Amino acid sequence: MAIQEKIKTTETQVAEKYVEKVLEKIKQRSPHEPEFHQAAEEALHSLVPVLAKKTEYMEHGILERLVEPERVISFQVPWTDDHGKVQVNRGFRVQFNSAIGPYKGGIRFHPSVNSSIVKFLGFEQIFKNSLTGQPIGGGKGGSDFDPKGKSDQEIMRFVQSFMTELSKHIGPDIDVPAGDIGVGPREIGYMFGQYKKLRGAYEAGVLTGKGPGYGGSLARTEATGYGTVYFVEEMLKTKALSFARKTVVVSGSGNVSIFAMEKAIQLGAKVVACSDSDGYIYDENGLNLETVKRLKIDRNERIKQYMDEHPNAYYFDNCHNIWSIPCDIALPCATQNELDAKAAAVLVSNGVAAVGEGANMPSTLDAIEVFRNNDVLFAPAKAANAGGVAVSALEMAQNSARLSWSFEEVDARLYEIMVNIHENSVKAAEDFGHPGNLVIGANIAGFIRVADAMVMQGV
Ligand code: GLU
């Protein structure tokens, strides 16, 4: 027994060293990519127990291959604004890993987009997509273009220029982009129109998140938010808890946030706050979701306008302070690193029971540590927000079969997928010695499927 223990320790030590070596190499190769380092650090440290058990992964150089994108495309996006002036933005597509399917992942338009952001997102997508159980690899793209304040015509011209280059690198069996921050049905529509013109063919499965009238899947818009709540519901069940009568705070007011709020309300919760990048609204009696939807989806206005119709609510012009509101369940659905250790400590001192990440990497590593040390149920992004890309894969399946499923059918499949992701993450955490730790469980469950495929396919 003593000898076995010792061998185990040695294997763990070897695995830890391997992980450190790979992380060091990343920093050496790409020193100016802090978000990518953060994502890699979180994931790779989680993998130590599996690397210690399955030493063949080290021999096959799986981690070295996993952290180096198979292909990175960076390109110029010139377009003409409404004053006739030429503007130039930078476009990216990172094709990270294709072990289990064509590259799959969204496109983000936001001034913060750079190679670090696209790489962290693409890296996370490998694990997330694997967790869905669907045949999709990991990729991500975007541009530092800021859609805020642009006219519809400017958006169209920008998107057409973006797609003119991107079209050379994508296809239904190659790489299938979708939306993310700043890219919704309108942008996807313009992308699809341009791709179709350039190809001279109707390849419906080249993009997901399309309008339901031309090959889009019903329930795709709702999928990420609904999926996050389905996942958190499963996690709550493990402690005999539920959404019923719970107070919920949801950051953001985009697609993910709005439909997370909708599902939480359907399950009996009271959602008291949501935000945009300017500030947050708070109503202790529960927000009116119809107003939020009208403002953000139909009219593209600021969340502050909520006060015009609901003068008894409160508006605060610092979106980061949203986490100071006491709640039972917190759902960060805005953006990366929106919830730091300080905010986590405030949530804990206010008695938060569960946190579910609807955005990508919204909690810092320190914040996750605070939740773990205080026994807060924590649903990591890769697992909890996988519902969006899962339904994207269902959209691809419908496109291939040239048919479309009902909302109920897609929603039922989404629910089943989220329940499975939760179950597989719980099981992997237990099997590898970290019961209850869904960060480790999700990373391991997502990783094994990809790693095994990589081993089987050779280098
Ligand atoms: N952007 C979403 C994500 O972060 C969806 C990607 C997709 O549907 O391909 O997972």
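The values are calculated or read from the model by the stated rules, or taken from the named source; none is laboratory data. These numbers were taken from a predicted model, which means no experiment stands behind them. Note that we place each Cβ from the backbone using ideal geometry, even for glycine, and neighbour counts take in every protein chain shown. All accessible areas refer to the heavy atoms of the entire protein, side chains included, with ligands and DNA or RNA removed. Shrake-Rupley method; radii C 1.70, N 1.55, O 1.52, S 1.80 Å.
General observations
- Segment 337-354: number of residues that are open to solvent by less than 30 Å² (accessible area, probe 1.4 Å) and not charged (D, E, K, R): 6
- Restricted to helices (runs of 4 or more DSSP H) entirely inside segment 363-439, those with at least 2 residues that are within 16 Å of the ligand (Cβ to nearest atom) and under 19 Å from the mean Cα position of the chain (by Cα) are 381-384, 387-401, 407-431.
- In segment 230-263, the qualifying residues are those that are within 16 Å of the ligand (Cβ to nearest atom) and part of a helix (DSSP H, G or I), and the one that is surrounded by the fewest Cβ atoms within 10 Å (Cβ to Cβ) is Ile258.
- Meets criteria (among the small types (Gly, Ala, Ser), modelled with pLDDT of 95 or more and either over 30 Å from Val183 (Cα atoms) or surrounded by 15 or more Cβ atoms within 10 Å (Cβ to Cβ) (or both)) for Gly84: no
- Checked against (1) open to solvent by less than 10 Å² (accessible area, probe 1.4 Å); (2) more than 23 Å from the chain's Cα centre (by Cα); (3) of a type outside the set (A, V, I, L, M, F, W, C), Gly279 passes all but condition (2).
- Residues of segment 264-276 satisfying the condition of being without any contact (Cβ under 8 Å) to a residue 60 or more places away in the chain, buried (at least 21 other Cβ atoms within 10 Å of the Cβ) and out of contact with any Ser or Thr (no Cβ under 7 Å at 6 or more places or on another chain): Val271, Ala273
- Candidate set: segment 191-206, residues that are assigned to a helix (DSSP H, G or I) and among the aromatic types (Phe, Trp, Tyr); chosen: the one nearest to the chain's Cα centre (by Cα): Phe192
- Any hit, segment 334-341, residues being touching a Pro at 6+ places or on another chain (Cβ under 7 Å), within 26 Å of Ala178 (Cα to Cα) and outside any loop (DSSP other than H, G, I, E, B): yes
- Check on Ile188, within 13 Å of the ligand (Cβ to nearest atom), within 23 Å of the chain's Cα centre (by Cα) and either on the phi > 0 side of the Ramachandran plot or crowded, with 20+ Cβ neighbours inside 10 Å (or both): yes
- Identity of the residue in segment 142-170, out of contact with any Lys or Arg (no Cβ under 8 Å at 6 or more places or on another chain) and part of a loop (DSSP other than H, G, I, E, B), that ends up surrounded by the fewest Cβ atoms within 10 Å (Cβ to Cβ): Gly149
- Enumerated helices (runs of 4 or more DSSP H) restricted to segment 20-131, each holding at least 3 residues that are within 16 Å of the ligand (Cβ to nearest atom): 34-46, 115-131
- For segment 133-173, a tally of residues being within 19 Å of Val118 (Cβ to Cβ) and under 21 Å from the mean Cα position of the chain (by Cα) returns 13.
- Criterion (within 13 Å of the ligand (Cβ to nearest atom) and basic (Lys, Arg)) met by exactly one of Lys197, Lys210: Lys210
- The set of residues in segment 132-159 that are hydrophobic (A, V, I, L, M, F, W, C) and away from the ligand (no atom under 12 Å from the Cβ) comprises Phe145, Ile155, Met156, Phe158, Val159.
- Hey, His60 under 19 Å from Lys148 (Cβ atoms) and at pLDDT 95 or above or not: no
- Residue within segment 381-400 that is touching a residue at least 24 places away in the same chain (Cβ under 8 Å), hydrophobic (A, V, I, L, M, F, W, C), in contact with a strand residue (DSSP E or B) (Cβ under 6 Å, 6 or more places away or on another chain) and crowded, with 24+ Cβ neighbours inside 10 Å present: yes
- Some residue of segment 311-319 being among the acidic types (Asp, Glu), in contact with a helix residue (DSSP H, G or I) (Cβ under 6 Å, 6 or more places away or on another chain), modelled with pLDDT of 95 or more and open to solvent by 60 Å² or more (accessible area, probe 1.4 Å): no
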